[in-house]
Every structure is written in structure tokens, then in C-alpha cells.
Amino acid sequence: MPPLASLAESETLDSQHTKEWLRCYQRIRAASEALCEPLHTEDYVIQSMDDVSPPKWHLAHISWFFEAFILTPFQPSYRTLDPAYDFLFNSYYETHGTPFPRPSRGTLSRPTVADVYRYRAHIDSAMVELLKNPPAEHVEEIVRRLELGLHHEQQHQELLVMDIKHILAQNPLHPVYRDDLAPAADVDPGPLSWLEYPAGVRRIGHRASAGFAYDNESPEHREFVEAFMMASRPVTNGEFLAFMDDGGYERSELWLSDGWAQVQQAGWEAPLYWVRRDGIWHYMTLAGLVPVDKNAPVVHVSFYEAEAYAQWAGARLPTEMEWETVAQATEIRGNFVEDDHLQPVAAPAREGEASQLFGDVWEWTGSAYRPYPGFRTLPGTLGEYNGKFMSGQMVLRGGCCATPSDHIRHTYRNFFPPHARWAFSGIRLAKEVQA
């Protein structure tokens, strides 16, 4: 995306930067609809669990964001299609109004899918009109909210892929989302090795001059990090199978207390979407049910499973400070949504470098999602974006196969509760340096 400062410093949006922002807006909006193109109408309305939202709701909510935070306050001539949408498609902004209950999103047969697409077109038309002739006194704030809104939409694109997969996985027919996804190459990632990093004071977090970031990535601050070792690549399905074959889901000594209670209550015996067919493990992908690729990174495991595997392997999960220490010296490259796998794939190791640090799977860290020293939420209602969730969640890093590549950063902090498994979440190990 074009840098915020270069546009916010302009006197007007009638510039090359304006055209770049318009193209960016239109590209990202089109990408959301492209993700939904393979769906049938019935697929749009299902809510398969409380954490999943129907695709129809996603498409409406990411349009509502531009309506609520840009069009309504800054475009006096704007008129909504239906005032009820402000209630139905508000996600969790309590200071904006009373959000419609999240677990009930799947009960909304109306507005229809066609109505939601009409709403999106209405928002897009109004946004193009505003960006072509914005009120001069509000240009900087419009652009600030526009950039946040575009990154917000990219977050929901990843959620769309996650949620579509969960919805289709409930169907015993194992329906295929797309039959033209890019096949994975037959790659052996090689044995896991350990990369050593010395102790030292690190600068962690987003530097204010470095472009866009969410508020939870700031401020940049210093952290002392002890010497540690990081695994050269993520844990593979084959390695996780060895954990399972060794009774990993049956050995309470490997698990945190809450994790063991979750295993007992939910009956976990494998990662989410794994099923046995004729004695062979298969897993549900967006291309349907296929045999487990033993070379690919294990995915759809909870923090509890990641922690138990690390205990079994004689290692631990990295802290997010350790993870960012490694990331700072690593180029952002990997398997992202544009690569069209929509599934983690094996990749060859790069000697002396952490492989697949970005893309493929979000990597659980051992760090609780808490504010950095000096953290401040955004002003107003947008301050609810991240800060209010800094309790009971664990940090994940690196992006995944459903993440847009221009959405991820070295400092990006994702977060989920420790039992969550429907995200594209995986495992990378760490260890102390032996004296």
C-alpha cells in the first residue's frame, strides 16, 4: 500500500498518490469478493460455531467499517441503504452502539446475499466519490482511517478462508471449495536443525517512522533477550504424527492443566480436520479430503497442543521477543494467499536461516497477549480495535497461507485464545542455549 505519510502530507487527494490509494482500495475490495466467488448461496449463511461468521456477514461488516468510520462522519451527502445495518454489522464496537450478538450471526437470513452485495456496491460508489473530492480539512484523518480499513479488510479475507474451511468441514460429503488450487511440490524440508542467537538488548515493536502498523505493535521498546536457539523450520505433520503415535494425546504429564481438561472434554486425538480412512490419516483441505502430507507444516493445532508437543520434543515455544529477534534478520517471503495453495506446503530449508518464518502457518509463541510498555489505544471508538482483547489470549507470529503478503510485518502480533484450532496455526520450537 502507498505510505501514509506521503499522502497525508499532500494538500489534496488529486495526485498520483490518490490514484494509488483508489487502486489499492478497489484491489482489496475485489479480492474479498474473489474469495467468495466459488461459494454457493447456501454457503454464505452458515455459522458453524460461535467463532465463525457467515461469509455474508464478513462481506457486510467490512463494508460497514468504511460506512461507520469514514462515510458517515466525513461525507455529509452520504445516505445508508438501511439504518438497521449499523446494528447488524457492528462487530464489537460498544462505544459506537450495541453490536448484534456474535453467536447469532447465522440466524440472519435477511438481508439476503444479494442485499449484502448491493450494500457493498453502495459503499464502494460512495467511497470513490469521497476520495475523488474529499473535504480538505479532513484529508489526513480520512486517509488514516482508510489505511486502517484496508488492513482490516485484509484481516477479514484471512478470516473468510478460515471460516469457509470450517463451514465446509462440517459437511460429511467433504465438499471442495476450489478444485483448481495450486498443487504442493514434492519437497523434503530436511531434518530440523537449531539456529543459535546470543543474549542481548533488542528493539522490539513497530518504529513510528516505518509505515503502517496496528496500535498493539507499538511502541518500539527495548527488551533483554537471553541466548536461545530457534528451530530452522516449523514442525511437520510427520513429526506430529510421531507425537500422536507415542500417546501424545493420552499422556497428561505433557499437558498444561487447562489443556488436558480441554483434551478430555473435547475428545481431541489429532489436529482439527484430521480423520482416519482405512487406517490412514487424511485431513480436510479447501481442495477436499486428502491424505496427510507428512512433509508439510502441521496446522490447525491449538496453543495447548503446541505446548504439549514442545514438552514431548524436549523443547519449548519461543517467546514473541525471541521470534521477532529472528524475524528482524529474515526477509518476508513465503506461501501467502496469492500463491493460491490455501494450505501449508513443505519448502526447502535455507542453510543458516529460519525457513518458512512467514506464511504457511501462524506460529504459536509462549507469550501472553499483553500491551507493550507505553502502549496507548487509538483515540475514540477505534481504540476498541485491539486493546480490549489483551486478556486470556496468546500471541502468534508470521502470517499463514491465507494471509495477503502485503498485510504482514515483522512486528505483526496476532492473537487467539489457547484452545483455538480453526486458524492456520502451527508450531516452531525453541530451546535454551546449553552452557
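The values are calculated or read from the model by the stated rules, or taken from the named source; none is laboratory data. Remember, it's a predicted structure, so these values are computed and weren't measured experimentally. Note that each Cβ is placed from the backbone with ideal geometry, even for glycine, and that neighbours are counted across all protein chains shown.
General remarks:
- Tally, over region 283-299, of residues that are of a type outside the set (A, V, I, L, M, F, W, C) and out of contact with any strand residue (DSSP E or B) (no Cβ under 7 Å at 6 or more places or on another chain): 3
- Any hit, region 337-349, residues being in contact with a Leu (Cβ under 8 Å, 6 or more places away or on another chain), at positive phi and modelled with pLDDT under 95: no
- Selected residue [in contact with a strand residue (DSSP E or B) (Cβ under 7 Å, 6 or more places away or on another chain) and part of a strand (DSSP E or B)] from GLY374, GLY399, GLY366: GLY366
Quick grid of which residues meet (1) of a type in the set (Phe, Trp, Tyr); (2) within 22 Å of ALA227 (Cα to Cα); (3) crowded, with 22+ Cβ neighbours inside 10 Å:
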| position | (1), (2), (3) |
| --- | --- |
| HIS300 | no, no, yes |
| GLN311 | no, yes, no |
| PRO318 | no, yes, yes |
| TRP323 | yes, yes, yes |
| ALA329 | no, yes, no |
| ILE332 | no, no, no |
| ASP340 | no, no, no |
| ALA349 | no, no, no |
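- Extreme residue, surrounded by the fewest Cβ atoms within 10 Å (Cβ to Cβ), among residues of region 277-298 that are among the charged types (D, E, K, R) and assigned to a loop (DSSP other than H, G, I, E, B): ASP278
- Note on region 135-153: residues that are in contact (Cβ under 8 Å) with a residue 12 or more places away in the chain, assigned to a helix (DSSP H, G or I) and within 15 Å of PHE74 (Cα to Cα) amount to 11.
- Among the residues of region 335-356, those identified as over 14 Å from ASN295 (Cβ atoms), in contact (Cβ under 8 Å) with a residue 60 or more places away in the chain and assigned to a loop (DSSP other than H, G, I, E, B) are PHE336, ASP340, LEU342, GLY352, GLU353, ALA354.
- Count - residues of region 132-150 that are crowded, with 17+ Cβ neighbours inside 10 Å and touching a helix residue (DSSP H, G or I) at 6+ places or on another chain (Cβ under 6 Å): 7
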